[in-house]
Amino acid sequence: MDHIYDNNKEPKALFVLAHGAGAGMRHPFMGAVSELICNQGIAVFRYEFTYIAEGRRRPDPSNRLEARVREAVSEAAAVRPDLPLVAGGKSMGGRMTSRAAADTPLDGVRGLVFLGFPLHAPGKAATVGLGRAEHLLNVDLPMLFVQGTRDKLAEMTLVEQLCLRLGKRATLHIVDGGDHSFNVLKRSGRDQLEVYGEIAGAISSWVNKIV
């Protein structure tokens, strides 16, 4: 099965959630965050890109990844046609969702959620400008960016500049001390479940405003 439907008894929306490049929909982060989002009253439709489902490590070309995003959105809508949709994902999954939406609007999707948007390669922040986010200028939807302050793939000053450029479409939630996987240092005094709960709460608050 290439999707998992995490259901809430009376959800207010359905989040179509894609994984990152190196791990599939059953990764502990995906499972924990999905459960916590469900507890906030949002159902979650986790799905896998074809290369992960087939046991390959190398991601498919962008056009195939974007096609899978569209397919998953349609599948999710068929599961719960009564619910408003939001879509996005972890790192690459979020970026491929936004690339698909920038090309042609995703049917029924009211907003995009990025869990660690990958703006640039590690150590390449100074030279990229908008970098991998240029296409977001063509997305006419509300967008939530959940970003850690230690994310080596998204220097915070660049994230803030991007959100300013996007204007009212963008909402930024900063996870203090989080890296690209939202892991925090022990000296922060926070455990991972607390951090994941913060992420779920940020998504829920934002969804309440757009659906």
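Can you work out which of the residues in the stretch 179-211 that are in contact with a Gly (Cβ under 6 Å, 6 or more places away or on another chain) and touching a residue at least 40 places away in the same chain (Cβ under 8 Å) is nearest to ASN138 (Cα to Cα)?
Among those residues, the one meeting the criterion is ILE210.
Select, from ARG95, ARG68, ARG46, the only residue that is assigned to a strand (DSSP E or B) and surrounded by 15 or more Cβ atoms within 10 Å (Cβ to Cβ).
Answer to the selection: ARG46.
In the stretch 163-196, which residues are among the small types (Gly, Ala, Ser), buried (at least 18 other Cβ atoms within 10 Å of the Cβ) and more than 15 Å from the chain's Cα centre (by Cα)?
GLY178
Here's the yes/no breakdown for (1) at pLDDT below 95; (2) farther than 30 Å from GLU10 by Cα; (3) hydroxyl-bearing (Ser, Thr, Tyr):
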residue	(1), (2), (3)
GLU35	no, no, no
GLY55	yes, yes, no
ASN63	no, yes, no
ALA72	no, no, no
PHE114	no, no, no
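I need the full set of residues from the stretch 77-91 which are crowded, with 22+ Cβ neighbours inside 10 Å and assigned to a loop (DSSP other than H, G, I, E, B), in order please.
Hit for the stretch 77-91 is SER91, nothing else.
So which of THR104, THR50 ends up being closer than 27 Å to TYR196 by Cα and of a type in the set (S, T, N, Q)?
Going through THR104, THR50 in turn, just one is closer than 27 Å to TYR196 by Cα and of a type in the set (S, T, N, Q): THR50.
Give all pairs with beta carbons closer than 8 Å in which a residue from the stretch 25-41 that is part of a helix (DSSP H, G or I) meets a residue that is polar (S, T, N, Q); count only pairs at least 6 apart in sequence or on separate chains.
Short answer, once both residue conditions are applied: PHE29/SER181; ALA32/GLN192; ILE37/SER204; CYS38/ASN7; CYS38/ASN8; ASN39/ASN8.
Since GLU10 meets every condition but one in (1) within 21 Å of GLY116 (Cα to Cα); (2) free of Cβ contacts under 8 Å to residues at least 40 places away in the same chain; (3) of a type in the set (Asp, Glu), which condition does it not meet?
Every condition holds for GLU10 apart from (1).
Of the residues in the stretch 69-89, how many are in contact with a helix residue (DSSP H, G or I) (Cβ under 7 Å, 6 or more places away or on another chain) and in contact (Cβ under 8 Å) with a residue 40 or more places away in the chain?
Selection size over the stretch 69-89: 6.
Just to be sure before I move on: is ALA102 crowded, with 16+ Cβ neighbours inside 10 Å and under 17 Å from the mean Cα position of the chain (by Cα) in the structure I sent?
Spelling it out, ALA102 is indeed crowded, with 16+ Cβ neighbours inside 10 Å and under 17 Å from the mean Cα position of the chain (by Cα).
Does SER74 satisfy being small (Gly, Ala, Ser), buried (at least 23 other Cβ atoms within 10 Å of the Cβ) and part of a helix (DSSP H, G or I)?
Here the answer is no, as SER74 does not meet what is asked.
Name the residue, out of ARG80, ARG46, ARG110, that is over 15 Å from the mean Cα position of the chain (by Cα), at pLDDT 95 or above and within 13 Å of PHE15 (Cβ to Cβ).
Going through ARG80, ARG46, ARG110 in turn, the sole match is ARG80.
Which condition breaks for GLU35 when tested against (1) over 22 Å from GLU194 (Cα atoms); (2) surrounded by fewer than 17 Cβ atoms within 10 Å (Cβ to Cβ); (3) not basic (Lys, Arg)?
GLU35 satisfies all of (1) over 22 Å from GLU194 (Cα atoms); (2) surrounded by fewer than 17 Cβ atoms within 10 Å (Cβ to Cβ); (3) not basic (Lys, Arg) except (1).
The values are calculated or read from the model by the stated rules, or taken from the named source; none is laboratory data. Fair warning: this is a prediction, and the values are worked out from it, not measured in the lab. Using ideal geometry, Cβ is built from the backbone for each residue, glycine included, and neighbour counts are taken over all protein chains shown.
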